[in-house]
Structures are given as C-alpha cells and as structure tokens.
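Taking it in order: structure first as structure tokens, then the write-up.
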Amino acid sequence: RAAFCQQHFLSSRTLDAIGATKDELHAALREIGMARGGGGRQAAAAHEDAELLKALLVGAMWPRCAKVELPSGGKPARRGADADAPPPPVKLKIKDDTGVGSASLHPSCVLARQAAALKASYCVYGEAHKSGSGAVMLREATPVPPLSLLLFGG
C-alpha cells in the first residue's frame, strides 16, 4: 500500500481518513434506513447504494448542476488511427445569476479524465471558477441521472 501511495502521490493517512468518513456516513444512512447493512466499504460498492448516494448528492448540491453536452452527439469512441488521440473535451451548460453559460471540466477533475466513458446527461459539481482566459471550469463533478434531478432538484 505504501508503494502505491508513493507512486500516485497519495497520503496513506488521508486515504484512511476518507475511508473512515465513508464508513461513518454509510452507518448514518443505515441508521435512518436509507442503505443496506454490512460494512460501509463493502456495502457502499453496491450499485443501488451508489445510485442512492448520487440522488442525495443532487439534493445536497442543488443548484450546482450542469447539463452535459457529449462530443459528437454522444457517439461511441473513434476507432483506428484516431483512437490514440485524446477525446474532445466535454462541454457543460450551467445556470448562474447572469443566465445560462458554458463551462468545461477542470483538468484536475477525475471526471475529465473519464470523459470518454461519460454517459450521463447531467452532473453536480462542488466548485466553479474562472480561469485566466475567462473560461468557467468545474471541479469535483459527479454524473447523476435525470430522475435524481427531477426528484431531488429544486
């Protein structure tokens, strides 16, 4: 584990703290009947619990929600010589005080690195900021299903 942490510039203590927080939050969800039993780390991996957590994220993060505009109209990844080329950036639409604007995922956002596999049409985000060029960049983004927005969005 120490070698993995060193190779990926991670702190073992921080990972332990994240795991403990995850276990604590899962225990709280279990207490109120919104998650199944079992250990937090094992049970949180279940698909149903992950979908529930995404829905709860929508309620907690509202109105920080963005519409995802997939490149190429959502077509599958390219094949052949173009397959090694980086995927085009995912474009997002966000609504703020001035109206609807364009945004993109910050390069440090994990979702930006997984953009080729992104199938969701909406995401919630934790932070939006303007870069030096004036472009709005989103960090801490999580894809969410439209039904979660319908049920838990404002």
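The values are calculated or read from the model by the stated rules, or taken from the named source; none is laboratory data. Since this is a predicted model, take the numbers as computed values, not measurements. Note: areas computed on protein heavy atoms with side chains; ligands, DNA, RNA excluded. Shrake-Rupley method; radii C 1.70, N 1.55, O 1.52, S 1.80 Å.
List of remarks:
- The accessible area of Phe4, taken with all protein chains in place and a 1.4 Å probe, comes to roughly 110 Å².
- Rolling a 1.4 Å probe across all protein chains gives Arg30 an accessible area of roughly 90 Å².
- Fully extended contour minus Cα-Cα distance, from Lys119 to Ser133, at 0.36 nm per residue: 2.2 nm
- Net length gained if the chain between Val100 and Ala50 were fully extended (0.36 nm per residue, minus Cα distance): 15.1 nm
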